[in-house]
1. Looking at GLY132, GLY128, GLY153 in this structure, which one is under 16 Å from the mean Cα position of the chain (by Cα) and on the phi > 0 side of the Ramachandran plot?
2. If only one of ARG167, ARG120 is surrounded by fewer than 18 Cβ atoms within 10 Å (Cβ to Cβ) and in contact (Cβ under 8 Å) with a residue 60 or more places away in the chain, which one is it?
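Only the coordinates and a few stated rules stand behind these numbers; no lab work does. What you see is a predicted model, and the numbers here were worked out from it, not measured in a lab. In this analysis, Cβ positions are derived from the backbone assuming ideal geometry, glycine residues included, and neighbour counts consider all displayed protein chains.
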Amino acid sequence: MGLLGRSGDSARAKSSAFDALVVGLGNPGKQYARTRHNVGEEVVVELARRAGESLKAGRDSALVAEVRLGTKRAVLAFPTTFMNESGQAVRKLVKRYGFAGHEGLIVVQDELDLAPGTVRLKVGGGLGGHNGLRSITSHMGTQDYVRVRIGVGKPPNKEQGADHVLRKVPAAERQVLDVAVNVAADAIESILEIGIDAAMNKYNSL
């Protein structure tokens with residue numbers, strides 16, 4: 001049994017010097033920082049901070065940090081493509097770091113279908129209209145990677161979806177999201193230490 005607590009993970013463990021590739025989704029550029037769509041970016045930045053590192057420009061259309069989290073080694077990445085091309089960077093990183101396909105891949109995303117600040121873990125499932133997930137699934141040829149979903153709530157109507165995730169967040173909700181970012185970082189550390197199934201039991205009941 002490998003990192004994610006499932007027998008199929010053993011091939012990945014043998015092929016890469018790292019235990020996981022943690023990808024935080026978002027859009028590059030200061031205008032998108034601290035928006036709902038970039039909470040994934042904030043999580044990998046927080047994990048890097050905890051490890052005493054920072055994300056730096058790499059060769060694979062991403063900011064990257066190689067870190068140790070507890071007893072595990074992880075690659076943290078924030079694609080510098082726009083959200084709808086995130087899969088390009090993920091595919092390059094998977095190849096560069098020697099992962100066997102999607103094994104070890106953890107994607108951190110914003111989730112409209114969860115209340116603001118809610119953190120939930122899952123493996124596979126639908127894409128929920130998320131352009132970043134759609135791109136990753138297209139480039140990886142599978143949906144069966146781990147997702148760490150951070151709730152940002154739904155807009156009043158579908159037509160306001162883009163504005164909802166890209167505009168600045170009201171202060172009270174921003175505080176809620178700041179807490180969620182730290183919870184999501186804790187959850188990823190748990191995935192690395194105890195496996196995805198045990199971590200889901202722990203965090204999906206909060």
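1. Values: GLY132 fails: on the phi > 0 side of the Ramachandran plot; GLY153 fails: under 16 Å from the mean Cα position of the chain (by Cα).
Of the residues listed, the single one that is under 16 Å from the mean Cα position of the chain (by Cα) and on the phi > 0 side of the Ramachandran plot is GLY128.
2. Working: ARG120 fails: surrounded by fewer than 18 Cβ atoms within 10 Å (Cβ to Cβ).
Among ARG167, ARG120, only ARG167 is surrounded by fewer than 18 Cβ atoms within 10 Å (Cβ to Cβ) and in contact (Cβ under 8 Å) with a residue 60 or more places away in the chain.
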